[in-house]
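Below: the structure, in structure tokens.
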Amino acid sequence: MSQIQQDPDNTHWPDSNSEVASQDTGRLIYASICSIDGPVLDEMRRIRDHAVHNNDKFGIRVALMHRCGWFVEWIEGPPDGIRDLLARVSLDTRHRSLKVVHESVGKPRLVKPWIGSIAEPNESTGEFARRVMALHERHLKGKGFEPSSVWRSLCSPLPGHVEVAAAREGSYQRVMMMSAARTDAFSLLQWVANREKRPVVHRRFAGAARDALDVESDYLDLPDQALQGRRLIANARKGLAMGMTHAFLPDYAAVVLVMDSDSGRNEGLLERILTACQQVHHQPVIIGLGANGWFSGALRASAEARGHRWIEARTGDDAPDLSTQWWALRQALDGLAGT
């Protein structure tokens, strides 16, 4: 834990001892049309302050997304508590036309009392509404998907209307990237997007922790011959303290550590990644990306001691440029897709 406390970015991890519970819990997701006049972000901060104060004592966990003029809320907790909360929010004038798109009892994903996010829309309000209604109809017919797949299909949909079920089964490779220093993961993502002439989707996440109230996360979808596609997600280091990062860690095939010449930064970030994965009981492949001299046996030993496969995407002897980084990372990801 000393590496975390000495973090040069002055980041703290208030829930470092928390884990995703193993017992089943109630799970519900609804979508509703936003009726807020004025900045949505300001209103979501007010919602957060109220939820953080009240939800935890009732065992309720909530994720709230605003996208395309709609709210999407994912609630987990005791079924009675969920029903009571739903009754209250249905009377809230800040939204209308509430549609339940998922309800079940099963394994929880949310570990924080409140998570909020705003996504930059890349579709029209009408297109989003059609996807809401399609999921609502599936729910009414008893043919719904898992809550994480429902949330993702609304809040970060796959391109070309890839089926939710196919994505859930792993034929769409999801890869999280984090940089040990600066914003290198975001720079690499933007470079790849420019090279491939594909759009980057920008998201902002708000959490309950005072030191992680606003965190960026961008993603890029790429075609792939061996898969239905590949999604690269650049997350800020502070994102490891965010409940949404924890909720979706089990969906990542790999986590990429974009390394730095400072070995302490590399080791510190790897420890945080491994701790977060341990909290959600998931063991993705860990890919180290960097120059030859930045690797050490300690990195491999740390990853493998926690049950993770460690892959080295080496860029040569010199500090890598973005083109070389992408070449090395793509080789590693292509090899992973073939296994």
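Okay, here's what the table says:
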| item | result |
| --- | --- |
| Leading residue by the ranking (farthest from R83 (Cα to Cα)) among those in segment 112-135 that are among the β-branched types (V, I, T) and in contact with a Lys or Arg (Cβ under 7 Å, 6 or more places away or on another chain) | I118 |
| Residues satisfying the stated conditions in segment 300-339, i.e. in contact (Cβ under 8 Å) with a residue 12 or more places away in the chain, of a type in the set (G, A, S), open to solvent by 30 Å² or more (accessible area, probe 1.4 Å) and farther than 17 Å from M176 by Cα | S302, G307, A319, S323, G338 |
| Total residues in segment 41-64, condition under 19 Å from P108 (Cα atoms) and in contact with a strand residue (DSSP E or B) (Cβ under 7 Å, 6 or more places away or on another chain) | 10 |
| When residues of segment 237-248 are limited to those that are under 8 Å from the mean Cα position of the chain (by Cα) and buried (at least 23 other Cβ atoms within 10 Å of the Cβ), the one farthest from H308 (Cα to Cα) | M244 |
| Given (1) part of a loop (DSSP other than H, G, I, E, B); (2) at pLDDT 95 or above, index of the condition H281 fails | (2) |
| Among (1) surrounded by fewer than 18 Cβ atoms within 10 Å (Cβ to Cβ); (2) in contact with a Pro (Cβ under 8 Å, 6 or more places away or on another chain); (3) at pLDDT 75 or above; (4) acidic (D, E) - the single one D211 does not satisfy | (3) |
| Selected residue (criterion: surrounded by the most Cβ atoms within 10 Å (Cβ to Cβ)) from residues of segment 103-162 that are among the basic types (K, R) and modelled with pLDDT of 80 or more | R109 |
| Lone qualifier among D224, D218 - being at pLDDT below 95, in a loop (DSSP other than H, G, I, E, B) and touching a strand residue (DSSP E or B) at 6+ places or on another chain (Cβ under 8 Å) | D224 |
| Some residue of segment 32-48 being under 27 Å from Q279 (Cβ atoms), free of Cβ contacts under 8 Å to residues at least 60 places away in the same chain and open to solvent by less than 40 Å² (accessible area, probe 1.4 Å) | no |
| Pair list, Cβ < 7 Å and 6+ apart or interchain, from segment 270-298 residues that are more than 30 Å from K112 (Cβ to Cβ) to residues that are open to solvent by less than 10 Å² (accessible area, probe 1.4 Å) and outside any loop (DSSP other than H, G, I, E, B) | W294/N266; F295/G288 |
| Search result, residues across segment 249-270 that are at pLDDT 95 or above, open to solvent by 10 Å² or more (accessible area, probe 1.4 Å) and either under 26 Å from D214 (Cβ atoms) or not in a helix (DSSP H, G or I) (or both) | D260, S261, D262, R265 |
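The values are calculated or read from the model by the stated rules, or taken from the named source; none is laboratory data. Everything numeric here is computed off the predicted structure, so don't read it as measured data. No Cβ is skipped: glycine too gets one built from the backbone with ideal geometry, and neighbour counts run over all protein chains shown. Note: areas computed on protein heavy atoms with side chains; ligands, DNA, RNA excluded. Shrake-Rupley method; radii C 1.70, N 1.55, O 1.52, S 1.80 Å.
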